[in-house]
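Single-structure report; data block below.
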Amino acid sequence: MITQKTIQKVFDAAKIEEVVGDFVNLKRRGVNLIGLCPFHDEKTPSFTVSPSKNLFKCFGCDKGGDPTRFIMEHEKLSFPESIRFLADKYQIEVEETTQTATEIHNKHVTDTLYIINDFAKSFYSKNLFETQEGKSIGLSYFKERGFREHIIKKFDLGYATDTKNEMTSAALKKNFNEEYLKKVGLTTQSNGDFFRNRVIFTIHNLSGKIVGFAGRTLSKDKKSPKYINTPETDIYSKRNVLYGLFFAKDQIRKLDECLLVEGYTDVISLHQGDITNVVATSGTALTEEQIRLIKRYTDNVLLIYDGDRAGVKAAMRGLDLVLQAGMNVRLVLLPDGHDPDSYLSEVGATSFSEFIKENAEDFVLFKTNVLLSETAKDPIGKTRAIKDIVSTLALIVDPIKRMMYIKQCSERFDISEAILNKETNTVIRDNIKKKKLKENLESPLPNEDEWIAPQKSESQKETIFEQNDSHQELAVIHVLFNYGTQIYDENTGKSVANHIIEEISPIIDLFDVSMYKRIILETIDMISNRQFDIQHFIGHQQEDIRALCITSLTEKYPYANWEAKGMYLQTQKMPNENYILDCDNALLRLKFKKARKIIADLEKYFKEGDLNDTESEEYILNVKVYQELLNRRNQMAQQLGSVTF
């Protein structure tokens, strides 16, 4: 059986427009792509691909899903076979195990590690805001950096005291397993706390789950490392994570550009300055895995680095990898002595944005200028520099773009364009040979047993729209699917999913449609153990729930992508940013309908009840409930602009 780790790698790498584009001719329409459906005969395109949601949907035959589902449907493959298909496309090594019981155990361990990390996050946050040491040291440090309280809570910042095993002891009292505390990297082998006397930066993955922490020392002891990170664990690999991407991904997609910085505080400061399409490599060199994460949302990267020599070298290290991914790269070097955090604090958000805009350089030409400045009039040094830039040019995927760079580099190096082109082509051919040799050395993967097909529930036989409140219930489900991971309250960090569950928990048993009720109950179970994850429903085993999720996430008539042309709505937010109002309205209408239903049941109880029993405790209680519900119904009706009788 294919390991969950491999499956997740495939999910992270596969882009729906690339997968579908291998089989269907797609054309841009607004924010989406359209084409003729490969699953049924049609002359007018009804097949839609949403790159932002990584989904496809045909509004003719109703098929839809993620890249894996498309390959399953198109190539008539099982789930594991489709995973193999996509792993081969994206050159991902497939790991396997034949022990189903082991995989189940591993999943349990993974879930437990997430739960422990969530506990640790809350523990460090409580230390920061509620202990004297945390407030006088940790909170003071963050406020000296200019961080306001809402941004501290948004990024789940915290503080670890200097006590040897304070966090470990608190976790053990909560009955967490000591072995798992060590496995997640919070407890050392000597049973002490891994993070001590440090401010804490919480690290989230793409879906908002907490995968690790970084601790910055406030000690002046030079022997103590400035930062320490959670060690590599089953759920945390530093090369696979970009700090802040969970908070930045929507804005990166909207602006079609990712700002890339080095440090945690750089990201937080820029967010506080309303520059939110920014992520950090957390002090490490940019990796292929991190580049793939960015490419899911944009092909445009702007690196912002310190202007000193170390900053230049850090920028140069990531250049070739980004170009190899076919992305467009620019660079800004800040004034000497500044990082993004300090420069933003000094000049303010407006001046910072203007500086970035005015000083952004093309990365290839920047590297050319750096190499030229280092060689001066040294012929041997210049030869090395030309070979270096040729190796970079050979990585540019687009041939037209590559030719433009060759032309510009030939002028700067004062070398024939034909010679530079010839040398570049030689390197390209060598790279292709090396790639083919590597592929030939790889052993073929063993066959995978057939997986059990997903079962369909009895709720498919239910005529859901015959139920009185089905429309209101569906509206809430629609908001949950589309915006469940979004932040509802920035002050508390509460998500839309958590807010929905809080609001409708008292009326779950009153749901008319059993499928909607099950979705809510599964969401409750999900967020009690970890954060809301839409992938759970996109790949749901029940066909009806999976289909409902895909339908909710895709729109037959999406709004025009006017903001890309500089045209914005004047009286309200853009549709995809108006989710808080949508959430409030959907919940209000549902609670209004349910209140009316309970009122009707109570009126029937009063009408048909025993008139001699009006002094009973039950009757009096029902009268009080009835009066309270009438008041609430009238308040909700006023908010909705409805008339009550």
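Filter the trypsin sites (Lys or Arg not before Pro) in segment 334-391 down to the DSSP loop ones having no more than 16 other Cβ atoms within 10 Å, then list what survives.
Working: sites: LYS357, LYS367, LYS377, LYS382, ARG384, LYS387; in loops: LYS377.
Of the trypsin sites (Lys or Arg not before Pro), the ones in loops of segment 334-391 whose Cβ has at most 16 other Cβ atoms within 10 Å are LYS377.
Modelling each spin label as a point 7 Å along the Cα-to-Cβ direction, I'd like the LYS15/GLN91 distance in nm, to one decimal.
My value for the distance between the label points is 1.6 nm.
Sort 186-197, 251-262 for me by packing, meaning the mean count of neighbouring Cβ atoms within 10 Å per residue, highest on top.
On the way: 186-197: 18.5, 251-262: 21.2.
Ranking, from highest mean packing down: 251-262, 186-197.
Just to confirm the number: angle between the C-alpha axis of helix 100-130 and the first principal axis of the chain, 0 to 90 degrees, nearest 10?
90
Separation of segment 170-240 and segment 414-430 by C-alpha centroid, Å?
For segment 170-240 versus segment 414-430, the Cα centre distance is 48 Å.
Which distance in nm do the two modelled labels at THR383 and SER416 give, with both placed 7 Å along the Cα-to-Cβ direction?
Distance between label points: 1.7 nm.
In whole angstrom, and with the biggest value first, how far do the Cα coordinates of segment 4-89 range along each principal axis?
39, 26, 19
At a 10 angstrom cut-off on C-beta neighbours, averaged per residue, how do the peptides 548-555, 67-74, 178-185 rank from highest to lowest? Each step should come with its number before you reach the end.
Values: 548-555: 20.0, 67-74: 21.6, 178-185: 18.5.
The densest-packed peptide leads the list: 67-74, 548-555, 178-185.
So how tilted is helix 543-553 from the main axis of the chain? Cα-based, degrees 0 to 90, rounded to 10.
70
Which whole number of Å³ per residue matches the convex hull of the alpha-carbon atoms in segment 104-236?
On the way: hull volume 14.8 nm³, N = 133.
About 111 Å³ per residue, rounded to a whole number.
What is segment 25-135 by shape, rounded, prolate or oblate, if you read a ≥ b ≥ c off the alpha carbon gyration tensor as root eigenvalues and call it rounded for a/c under 1.5, prolate for a/b larger than b/c, and oblate otherwise?
Values: a/c = 3.65, a/b = 1.75, b/c = 2.09.
Note, shape of segment 25-135 comes out oblate.
Which angle between 0 and 90 degrees, to the nearest 10, do you get for helix 417-441 versus the longest principal axis of the chain when only C-alpha atoms count?
60
Starting from the Cα coordinates of the chain, work out the convex hull volume and express it per residue in Å³.
224
Where a number appears in this text, it was derived from the coordinates with a stated rule and is not lab data. Not measured: the values here are computed from a predicted model. Positions of Cβ are backbone-derived with ideal geometry, glycine not excepted, and every protein chain shown enters the neighbour counts.
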